[in-house]
Each structure stands twice: as structure tokens, then as C-alpha cells.
Amino acid sequence: MPARRRGISVSGVLTALDSPIVVAPMAGGATTPDLVTAVSEAGGFGFLAGGYLGADALAAAVAAVRERTARPFGVNLFLPGERRDAGVAAYRERLVAAGLEPGEPEWEDDGYPGKLALLLADPVPVVSFTFGCPEPAAVARLRAAGSEVLATVTSPDEARQAAAAGVDGLVVQGVEAGGHRGVFDDDPGDPAGGPQYGLLALLRLVAAATDLPLVAAGGIVDGAGVAAVLAAGAVAAQLGTAFLACPEAGTRPAHRAALTDPGGPPTAITRAFTGRPARGVRNAFLDAHTTAAPAAYPQVHHMTRPIRAGGDPATTNLWAGQAYPLVRAVPAAELVATLRAEAREAAARATGSLR
């Protein structure tokens, strides 16, 4: 059955998958056209990351996926936020004093208007938004162009705001998630940027607040996690960290090595690399600068770009969800099939326990 929103039938691309597995849009090069294609061809759903790309580069990535598969896929966009400069100069001085060579702080809108125009002129099946609530007018225009629209939310209040904007579904992101938190308003007084809801609790709270289809994200790495979020009301599970060790992913060598280190350290949330709260494997840079980093995205992102570009595992961002030790280095199609089989087994075990 198609999902329904306020009495309107929604085609429900993500409710009609062969496998309810979605590969997350991981900006910075990790989510490649090859990875999106492999997951979509395996019966799941792939999201291209529009973040950090110009409109021309995003158009090229969309074309590359279309050349490889006729299956549906999506594009994620970062929404530009409020400019904040407090603490930026002091943080740059701190990095210099630590013997590092930061770049210059720069605020920009990630080319959002151009990328939105691209997706309106050349629609893809699904468009999702992160870092805020999309404007109702933009949602309406994308839907009129033929795209379903999703918003990433981290709290019940954000879910209600997104529903009021007219989106077709929600990506419900728990605090366990690797990479950036999708908080609408990054609270500078809170190290995590806002309320920290675990995924299962957040799914149930959001399901009580809206009847929109929900895609669960945050700390899901194996099939048991997939089964758990489906049982909690999600129509699909979005996984990012789980796919970073796949050969199709554009994961940097230091990042790939950290994810597959069986004795690696735990993760933590930090603004040290970008100025927005994000979860990564703890390393020397994260530990040294987390408490001093200001809530100033993307200025901090641009300052640390030259530092991160060196690829030193001690000073680069190693984004990962809390369950990253369960990551498997296998081809993406094999991972989708394994996740589906594991989810079925986990569901069967749960059903048996309830007899």
C-alpha cells in the first residue's frame, strides 16, 4: 500500500523497495555513484550527497548514476544556516598555536540555490534535506516536479516542523549516527547541538507526532538493527557507516583503516572539524579541540580543510556511528543481501519469543 499524508496518496519510493536498505548520503566523497548504483541494483536505495558539491559536479554525479542503473535513487542537500562568527578567530589562533596550518574561515551557502534549481529542472525520484527544515515553497516545487521530499529530523519538534512544511517522509536520525547531526538549529550552548534522542526512542516519539513514513538512521550496522527499526515503525533503515568499508565507497585510507581496526577507540560528538556537531572515532585532534570549537559552520570546516586533507589519522575526521566495530569490508551488493538475510533471521527470532 502506498504511504498516505494528510489524505493524499504518496507514491512511496522507499516503501516499495525489494530490500528496505538505504545508503546514507555521506558528503565529502564517501558516497560515490558506484556505491549508490550497487545498493540500488541490489534492491535497496542509494542517496547521492549534494553537500560540498557545486551544481555542475552534482549534475555529473546524477548523470553517472543514471548511466549505471535505471533503479530509483535520491539526492541530499544541505540547507544553509544562520551565520555565526563568535569564537572563530580565537579557534584559528588555537590551531596555529598547536603547530597546525589552518585555512581561512569562510561562510557560504554550499551553492544551495543552484543545486535546488538543478533538481527542479532535472528531477530525481527523491530529494532529502539536512541541517534544517526546507521551505514549504521549495517542497511544493520539488513535488510538482515529480520528486518525493524527505527531511532529516533529530527530535519530535523538528518532525512536526517538517510535516508542516509538506514533506513526504522523514529521516529520523538518532544520536548514535556517525557524521553530522542533522539538527535544525545548532545550539552553541550544547556540545551535541541539541536534544540527544536514541534512535528507537525517537522513532516511537516521532511516530506518535506524525503519520509520515519514517526512515531510521543512526548506529545501524547489521541486520538485527534493521529489523529493530522496522519493528519500531520505520519503513526503511538508512545506513552510512556500514557501507564505508565497501570497495565502492570513496572512503579515505586512514578512515577505512580506523573503521576496520578491531581495537579502535570509541566515538564522540565534536564540532572540532567543521563547527557543527558530528560523531567520529576519537583521535588526537578531536580530543584536543572539541571543548574549544565554536558553533560556526562552515567557517570551521574551511579552516580545518587543509589539516584534514593531509590524511593523518591523528588530525583528520573519522566519521563513524557508535556501532562501527561491526563494520564489514565486503562489496555493497553482498552487504545489502546479508543485511536482508540477517534482518529476516532477527525478525523470526523475535516472533518466536512472542509466541
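Summary table below
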read-out: Candidate set: the stretch 167-193, residues that are surrounded by fewer than 20 Cβ atoms within 10 Å (Cβ to Cβ) and of a type outside the set (Asp, Glu); chosen: the one farthest from residue 128 (Cα to Cα); value: 189
read-out: Lone unmet requirement of (1) part of a helix (DSSP H, G or I); (2) surrounded by fewer than 19 Cβ atoms within 10 Å (Cβ to Cβ); (3) touching a residue at least 60 places away in the same chain (Cβ under 8 Å) for residue 351; value: (3)
read-out: Enumeration of residues in the stretch 164-189 that are in contact (Cβ under 8 Å) with a residue 60 or more places away in the chain, in contact with a helix residue (DSSP H, G or I) (Cβ under 9 Å, 6 or more places away or on another chain) and of a type in the set (A, V, I, L, M, F, W, C); value: 172, 175, 177, 183
read-out: Options 150, 212; residue that is more than 18 Å from the chain's Cα centre (by Cα), within 30 Å of residue 346 (Cα to Cα), surrounded by 23 or more Cβ atoms within 10 Å (Cβ to Cβ) and not aromatic (Phe, Trp, Tyr); value: 212
read-out: Looking only at the stretch 79-108, and only at residues there that are assigned to a loop (DSSP other than H, G, I, E, B) and aliphatic (A, V, I, L, M), the one that is surrounded by the fewest Cβ atoms within 10 Å (Cβ to Cβ); value: 86
read-out: Matching residues, the stretch 49-79, being without any contact (Cβ under 8 Å) to a residue 40 or more places away in the chain, over 22 Å from residue 341 (Cα atoms) and in contact with a Ser or Thr (Cβ under 7 Å, 6 or more places away or on another chain); value: 49, 65, 68, 69
read-out: Subset of the stretch 257-278 (residues that are over 28 Å from residue 82 (Cα atoms) and touching a residue at least 40 places away in the same chain (Cβ under 8 Å)); value: 257, 258, 259, 260, 262, 264, 266
read-out: Residue list for the stretch 155-186, restricted to those being among the β-branched types (Val, Ile, Thr), in a loop (DSSP other than H, G, I, E, B) and under 15 Å from residue 213 (Cα atoms); value: 167
read-out: Lone unmet requirement of (1) part of a loop (DSSP other than H, G, I, E, B); (2) closer than 18 Å to residue 14 by Cα for residue 192; value: (2)
read-out: Residue within the stretch 323-332 that is touching a Lys or Arg at 6+ places or on another chain (Cβ under 6 Å), under 24 Å from residue 130 (Cα atoms), at pLDDT 95 or above and not basic (Lys, Arg) present; value: no
read-out: Unique match (being touching a strand residue (DSSP E or B) at 6+ places or on another chain (Cβ under 7 Å), farther than 21 Å from residue 173 by Cα and not β-branched (Val, Ile, Thr)) among 286, 354; value: 286
read-out: Strands (runs of 3 or more DSSP E) (entirely within the stretch 20-78) containing at least 2 residues that are farther than 21 Å from residue 145 by Cβ; value: 21-23
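The values are calculated or read from the model by the stated rules, or taken from the named source; none is laboratory data. It should be emphasised that the depicted structure is a prediction, and the values quoted were computed from it without experimental measurement. Every residue, glycine among them, receives a Cβ derived from its backbone with ideal geometry; neighbour counts consider all protein chains shown.
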